[in-house]
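Asks: Can you read through this structure? Questions will come right after.
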Amino acid sequence: MNLITAPRGTFDLMPQQALAWQWMETKIRAVLQAYGYGEIRTPIFEHTELFQRGIGETTDIVEKEMYTLTDKGGRSLTLRPEGTASVVRAYIEHKLYAQAPVTKLYYIGPMFRQERPQAGRFRQFHQFGVELLGEESPVADAEVIILAHDLYRQLGLTELEIHLNTVGCPHCRQAYKAALTSALAAVAEQLCSTCRVRLERNPLRVLDCKSPVCQELIGRVPSIHNYLCADCRDHFDRVTTLLEQVGVKYELSPKLVRGLDYYTRTVFEIINVNLGAQNALCGGGRYDGLVEECGGPAVPGVGFASGIERLFTTLEQQKKIPALTSGPQLYVVPLGEELTVVAFEVATVLRRQGFSVEMGNGTKSLKAQLKTAHKAGAAYTLIIGEDEWREGQVTLKTMADGSQKRLPVSGLVAEIAKLVSLQGPQVPLREE
Ligand code: AMP
């Protein structure tokens, strides 16, 4: 029989890796919450139309990367390829705009794109992201950029670059598009085949092309900065001033347009310089027309999405993930099969008190059980011997130094709580 493996472009997380992911997710959530964002959980699949309207018909995602299926009721559904469209849909559906002038939401979870798998690029991958809705001030743009940057720094990353640009508003972009189209039309023959199609359908997307020949041609086309209207110019200047004000360095990237159609004005990416070809940790920007495009009121928005796999790889490369253990705090060792029931009871009582407890097999020798406890990473073992138990006592062994002491069963919970410095529920993750 053929072995069934995980589908191409997907992966399993084994318990030790999952611990590291949990550590990372806990840190991410803490920073997002500190900046005032509340979590929103939207469905993994949505009506296909949401992404067609929200992301844009001419984007790579909608044109060729979506996992779309028709359900038994004949509805076209799509596994979400990104988070913003769903958040905007929920924002409109639940009329959040009527509850407060500004709404700050974050999401974290899996996304699905049928891309060619390679290092840093998967078909099921994970993102977290924020959406700040209802604020048109450049302060919001600066806040979101600084949030992403601070979050990476708080995780310990240093080799970061912020690449910043503006794509103007639909008004000034119109003039730029015309200038860009005529400049590109002059060299159309030399563009790659994808860009020749882009030139017809959405010339701005040509600026995104990674092919060296297109890159060279793009270097010679006019810059959007010469076509910005006064409002867009002023908005961008204020964003950069705010970043400078708080000492956040950025690089101007006049050719950065980002793949999605919905961006207006500010766009940015944060790059980890050591990550190789797929070096963008996150990308985002302002999307003032999106809420309206999706059927809501004219509410401005700004946000970013960060890839979790790439963040994890970066943290691993830079050795920023601490040693983590999921081993039990306590391992109960019954000395003899008859004491199994007693050990089971002790383990259950302690688990109910919130300690993480494993227990040994009473048919095995003390030595064998201690070996298993050691392998499991237990901090303490509680040895239950027949004579001691009859006297209402047990032996507590500290695994780190091998020291042992006798304890009365009556004060066991309090004593163990003191030892592991834990009253109340167990903290699921402990840094060693
Ligand atoms: P995007 O939603 O395309 O703007 O991407 C935002 C971030 O998500 C990128 O900077 C990457 O870190 C991450 N990302 C996007 N696509 C993938 C993918 N196929 N595999 C892994 N990470 C991805």
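Asks: For residue 372 and residue 278, FRET efficiency with R0 = 41 Å and r from the beta-carbon atoms, rounded to 0.05?
Replies: Working from the Cβ atoms, E equals 0.45.
Asks: Which value, in Å² rounded to 10, gives the accessible area of residue 125 with a 1.4 Å probe and all protein chains present?
Replies: It works out to around 20 Å².
Asks: Would you list which aspartates and glutamates come within 16 Å of residue 64, measuring only between C-alpha atoms, while excluding same-chain residues fewer than 8 positions from it?
Replies: Result set, ordered by chain and number: 49, 82, 115, 261.
Asks: Using a Förster distance of 22 Å, how high is the FRET efficiency between residue 255 and residue 139, based on the Cβ-Cβ distance and rounded to 0.05?
Replies: On the way: r = 26 Å, r/R0 = 1.19.
The value I calculate is 0.25.
Asks: Give the carbon-plus-sulfur fraction of the accessible surface of the stretch 123-248 in %, rounded to a whole number; probe 1.4 Å, heavy atoms of protein chains only. Walk me through the numbers on the way to the answer.
Replies: On the way: 2720 of 5650 Å².
Taking all protein chains in place, the stretch 123-248 shows 48 percent carbon and sulfur surface.
Asks: Excluding ligands, DNA and RNA, what is the solvent-accessible area per residue of the chain at a probe of 1.4 Å, expressed in Å²? Mind dumping the intermediate values first?
Replies: Working: 21270 Å² over 432 residues.
It amounts to 49 Å² per residue over the chain.
Asks: May I pose another question? For the pair residue 193/residue 395, report the inter-label distance in nm, with labels modelled 7 Å from Cα in the Cβ direction.
Replies: Inter-label distance under the simple model: 7.6 nm.
Asks: How much net charge surrounds residue 8 when only other residues with a Cβ under 12 Å from its Cβ are counted (Lys, Arg +1; Asp, Glu -1)? Write down the numbers at each step before the final one.
Replies: Details: positive: 116, 121, 123; negative: 115.
Here the count lands on +2.
Asks: Just how large is the dipole of the stretch 274-325 about the Cα centre, in debye to the nearest 20, putting +1 at every Lys and Arg Cβ and -1 at every Asp and Glu Cβ? Display every interim value, and only then the final one.
Replies: Details: 4 positive and 5 negative charges, 74 e Å.
I would put it at about 360 debye.
Asks: Let me ask something else. Let a ≥ b ≥ c be the square roots of the eigenvalues of the Cα gyration tensor of the chain; is it rounded (a/c under 1.5), or, if not, prolate (a/b larger than b/c) or oblate?
Replies: On the way: a/c = 2.60, a/b = 2.39, b/c = 1.09.
Prolate, because a/c is 1.5 or more and a/b exceeds b/c.
Asks: So how far, in whole Å, is the C-alpha centre of the stretch 10-62 from the one of the stretch 330-363?
Replies: 40
Asks: Work out how much length residue 241 to residue 337 would gain on full extension: take 0.36 nm times their residue separation and subtract the Cα-Cα distance, in nm to one decimal.
Replies: On the way: separation 96, 0.36 × 96 = 34.56 nm, distance 7.29 nm.
Taking 0.36 nm per residue and subtracting the Cα distance, the gain is 27.3 nm.
Asks: Where is the GNM fluctuation largest for the chain (alpha-carbon springs, 10 angstrom cutoff): 357, 88, 267?
Replies: 357
Asks: Return the subset of 104/177; 375/405; 27/320; 249/320 for which the Cα-Cα distance in this structure is over 24 Å, preserving the input order.
Replies: The answer is 104/177.
Asks: Could I ask something else about it? Need one number: % antiparallel among DSSP beta bridges in the chain, to the nearest 5.
Replies: Numbers: 53 of 65 bridges.
About 80 percent, rounded to the nearest 5.
Asks: If you place +1 on the Cβ of every Lys and Arg and -1 on the Cβ of every Asp and Glu, how big does the dipole about the Cα centre of the chain come out, in debye to the nearest 20? It would help to have the intermediate numbers written out before the result.
Replies: Working: 47 positive and 49 negative charges, 124 e Å.
Here the chain has a charge dipole of around 600 debye.
Asks: Restricting things to alpha carbons, tell me how big the stretch 17-164 is in terms of Rg and Dmax, in Å.
Replies: Computed over the Cα atoms of the stretch 17-164, radius of gyration and Dmax are 16.6, 50 Å.
The values are calculated or read from the model by the stated rules, or taken from the named source; none is laboratory data. Being a predicted model, the structure only gives us computed values, none of them experimental. No Cβ is skipped: glycine too gets one built from the backbone with ideal geometry, and neighbour counts run over all protein chains shown. Side chains are part of the model used for accessible areas, which takes the heavy atoms of the whole protein and leaves out ligands, DNA and RNA. Shrake-Rupley method; radii C 1.70, N 1.55, O 1.52, S 1.80 Å.
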